[in-house]
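Engineer: Pasting in a structure now, in structure tokens, and then I'll have a few things to ask.
The values are calculated or read from the model by the stated rules, or taken from the named source; none is laboratory data. Every value quoted in this text rests on a predicted model; they were computed, and no experiment measured them. Positions of Cβ are backbone-derived with ideal geometry, glycine not excepted, and every protein chain shown enters the neighbour counts.
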Amino acid sequence: MDGCTGKIEQEMRAGLRAFFTVPYLLDQGMACLEEKLREALLFGRLTVLHYRAFGGTGAGIYRAAAAVEFMILSLDIIDDLQDKDNQETVWGRLSPDIALNIALGMLTLSQHLLLTADFPHERSGSAARLMNEQVLAAINGQTVDLLNNIESEEEYMEMIRLKSAGLLAAACLTGTLLATGEPLSEVRTYAEELGIAAQMKNDIRDVLNWDNKNDFWNRKKTLPTLYLLQSISDEQRWIADYFAERLQLADVVNRKEEIERIMEESGTLLYSSVRMRTHYYNYLDLVGKISLAPEWKEQILAMAD
């Protein structure tokens, strides 16, 4: 896996230079990409790791991993445009029409890179279908997220299976499919468990982060806020009134310390943390059972750190 990230970055930069031919589009697209490259490229690295772990050889996987990362970046940009809650990014500072055009270009480029990578046509076609199916599932999950009308933990779980957990599974399955010709169900199962745990961890963070992305201020229905709404006493009904928009932000913005106290006393944070860790331990257990050499299992488990 040495040099994996650098090779994925090279493929992504080369893809933009080849197909974003309008200078302004290329400049802004490259700026969005460079912001993405400050992250660890987890999805692309998972694609490469699973390809190698299941016996895949050759350099074509780096192009496929770049395709996966472009899929993720394009959906991140679109999500931020819809949520209007991440204005500090490069794309958040662009006009929405230009940012959307960049996202659509990257999503299309994702498919092109995958279909032109050095694999048998049948395998690259199957991987492209898998990614298309996951993008469509993520669009369904994002619609549920935008409507923000879920009322139960079961509905929340289905949303993140469609969206964040499914996207992480798609990265792992793309590598597995390109190596073996099959999207192994056991890989999907453990990857979804990791994706669920990661999303729950983000939701715990976002309910405690009191900037403009805070899920309480934004009335977002997540595992912590759903549990909180089910746990409040009669004296705390103002929280339900706020989520039902019977109160406005100005009515509650000075009650941050009280909200934190209520979350602590109700067990909201403890419950959410336990649920998150349960899915993480499921991931560890499922990876332990898969038929792979110990060194590959260790590398897959290390991706969760």
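Engineer: Do we have LEU147 as under 19 Å from MET159 (Cα atoms), of a type in the set (A, V, I, L, M) and either without any contact (Cβ under 8 Å) to a residue 24 or more places away in the chain or in the same structural domain as ASP203 (by TED's automatic domain parsing) (or both) here?
Structural biologist: In short, yes.
Engineer: Among (1) exposed (fewer than 15 other Cβ atoms within 10 Å of the Cβ); (2) of a type in the set (D, E, K, R); (3) within 23 Å of the chain's Cα centre (by Cα), which single condition is ASP234 missing?
Structural biologist: (3)
Engineer: Quick check on region 152-171: of everything there that is of a type outside the set (A, V, I, L, M, F, W, C) and free of Cβ contacts under 8 Å to residues at least 24 places away in the same chain, which residue is nearest to VAL287 (Cα to Cα)?
Structural biologist: Applying the filter and picking the extreme gives GLU158.
Engineer: Search region 179-195 for residues that are farther than 18 Å from TYR281 by Cα and pair each with any residue that is of a type in the set (Asp, Glu) and modelled with pLDDT of 95 or more when their beta-carbon atoms are under 8 Å apart and the residues are at least 6 apart or on different chains.
Structural biologist: Here the result reads GLY181/GLU122, each pair linking region 179-195 to a residue that is of a type in the set (Asp, Glu) and modelled with pLDDT of 95 or more.
Engineer: Just checking, how many residues over region 272-288 are buried (at least 17 other Cβ atoms within 10 Å of the Cβ) and closer than 14 Å to VAL207 by Cβ?
Structural biologist: 3
Engineer: Is one or more of the residues making up region 221-229 modelled with pLDDT of 95 or more, loosely packed, with under 15 Cβ neighbours inside 10 Å, of a type outside the set (Lys, Arg) and part of a loop (DSSP other than H, G, I, E, B)?
Structural biologist: no
Residue-wise test of (1) more than 13 Å from the chain's Cα centre (by Cα); (2) under 18 Å from LEU73 (Cα atoms).
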{"position": "SER126", "(1), (2)": "yes, no"}
{"position": "LEU130", "(1), (2)": "yes, yes"}
{"position": "ASN140", "(1), (2)": "yes, yes"}
{"position": "ILE160", "(1), (2)": "no, yes"}
{"position": "GLY166", "(1), (2)": "no, yes"}
{"position": "GLU192", "(1), (2)": "no, no"}
{"position": "GLY195", "(1), (2)": "no, yes"}
{"position": "TRP210", "(1), (2)": "yes, no"}
